[in-house]
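All remarks here apply to the structure that follows.
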Amino acid sequence: MSAAPGGSSPGFARGRRLRSTPALRRLTAQTRVAPADLVLPVFVKEGIDEPVAIGSMPGVVQHTVDSLRKAAHEAAEAGIGGLVLFGIPSEKDAVGSQADAADGIVNVALRELRADLGDELVLVADLCLCEYTDHGHCGLVTPAGVVDNDPTLDRYASVAIAQAQAGAHVIAPSGMMDGQVAAIRRALDASGSTETPILAYAAKYASGFYGPFREAAEGAPQFGDRSTYQMDPANADEALREVAQDLAEGADAVMVKPALPYLDVVTRVADAVDVPVSAYQVSGEYAMVEAAAANGWIDRERAILETLTAIRRAGAGQVLTYWAVEAARLLR
Ligand code: PBG
């Protein structure tokens, strides 16, 4: 039997037909990344006059309130979906008092941004204590050095109220204490913020990829690590349990973090739930690409867009990424 020229089937599929021109590839692309899907994490630091560069995250800074306002306008201009805010106070203490102080840096920044931008960008408040505590843990610590779950919930409740009243559109608890979503939902409801949604960092792993963030947010644990509250990287089924629990407690949306090393988890969570699923492309993911690109080892822009596409393809609806504004411009 001879191979058929022209029309009839040659006995194999020609996948290349739909790849032959940029226009065909664009038309048939299954996954798209839109600027509106992207959320930019930002750091605002108390007591500085100028933005401070973060060595391990080239292009990322600790902002002053003023420089943050400018960056927020640029982000809105670029068409991204929102910002997630991290505050770095001048004074830290054992209970993280500055997290819920009305004049605490993150609450000041939220108020200014909300006044400036109204509802133009979604302002997400990361809710955790590690940037605010002198010991650097995400919760209160007992004299024996154990991170104490239940008393921490009262602190989170108070921080949620302060952030919502300062103008946060969304509260995003990232401390991985059990019961945190229920505690925050109750507090928001009791204080009149019934319409403020909770984006739960539901499946947050104890990851080596948070290293550069700890320089950016100055929140490294001063003893021990976060393995008693963040998830073990070995576990995937447990992510589904954490997500189900957070939804049962009242979460409106859930997050998987980090992103690229956990795409299997992103997919499983996205398949399992009917709420928005976001993924956080964390500081170490950013630093790896930046470092390789700085050495000329990879094509930086191509790699950035490929990672974002991969995270969306895995099933994340929203992506938190330090490249949000730059990627939005590339995507235009
Ligand atoms: C704090 C927090 C961390 C990140 C976001 N919120 C660090 C940590 O858990 O140690 C990491 C983000 C990043 O690496 O970009 N709860």
By residue number, the members of segment 203-222 that are farther than 23 Å from Gly145 by Cα and not in a helix (DSSP H, G or I) are Ala203
Yes/no for Met255 being under 15 Å from the mean Cα position of the chain (by Cα), of a type outside the set (Asp, Glu) and either in a loop (DSSP other than H, G, I, E, B) or over 21 Å from Leu83 (Cβ atoms) (or both):
no
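In contact (Cβ under 8 Å) with a residue 24 or more places away in the chain, part of a helix (DSSP H, G or I) and under 22 Å from Gln318 (Cβ atoms): is that true of Val289 in this structure?
In short, no.
To keep it simple, each residue is scored yes or no on (1) within 15 Å of the ligand (Cβ to nearest atom); (2) within 24 Å of Gly47 (Cβ to Cβ); (3) surrounded by fewer than 20 Cβ atoms within 10 Å (Cβ to Cβ).
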site: Leu83; (1), (2), (3): yes, yes, no
site: Glu91; (1), (2), (3): no, yes, yes
site: Ala125; (1), (2), (3): yes, yes, no
site: Ala157; (1), (2), (3): no, no, no
site: Ala182; (1), (2), (3): no, no, yes
- Condition met for Arg313 (in contact (Cβ under 8 Å) with a residue 40 or more places away in the chain, surrounded by fewer than 24 Cβ atoms within 10 Å (Cβ to Cβ), over 22 Å from Ala217 (Cβ atoms) and touching a Leu at 6+ places or on another chain (Cβ under 9 Å)): yes
By residue number, the members of segment 253-280 that are among the charged types (D, E, K, R) and either within 15 Å of the ligand (Cβ to nearest atom) or in contact (Cβ under 8 Å) with a residue 60 or more places away in the chain (or both) are Lys257
Conditions (1) crowded, with 21+ Cβ neighbours inside 10 Å; (2) under 22 Å from Val319 (Cα atoms) -> Pro58 fails only (1)
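Yes/no matrix, rows are residues, columns are (1) in contact (Cβ under 8 Å) with a residue 40 or more places away in the chain; (2) buried (at least 22 other Cβ atoms within 10 Å of the Cβ):
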| position | (1), (2) |
| --- | --- |
| Asp148 | no, no |
| Gly167 | yes, no |
| Met176 | yes, yes |
| Asp189 | no, no |
| Ile198 | yes, yes |
| Ala202 | yes, yes |
| Ala206 | no, no |
message: Would you confirm whether or not segment 293-308 contains a residue that is within 14 Å of the ligand (Cβ to nearest atom) and either under 13 Å from the mean Cα position of the chain (by Cα) or of a type in the set (Val, Ile, Thr) (or both)?
response: yes
The condition of being within 13 Å of Met176 (Cβ to Cβ), within 11 Å of the ligand (Cβ to nearest atom), outside any strand (DSSP E or B) and of a type outside the set (Val, Ile, Thr) holds, among Asp246, Asp225, only for Asp225
Of Thr267, Thr309, the only residue that is assigned to a helix (DSSP H, G or I), polar (S, T, N, Q) and either out of contact with any Gly (no Cβ under 8 Å at 6 or more places or on another chain) or within 15 Å of Pro35 (Cβ to Cβ) (or both) is Thr309
Check: Does Gly145 satisfy the criteria of being at positive phi and not β-branched (Val, Ile, Thr)?
Finding: yes
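Each value in this text was obtained by applying a stated rule to the coordinates, not by laboratory testing. Here the structure is a predicted model, which means the values were calculated and not measured. Counting neighbours? That spans all protein chains shown, and the Cβs are built from the backbone with ideal geometry, glycine included.
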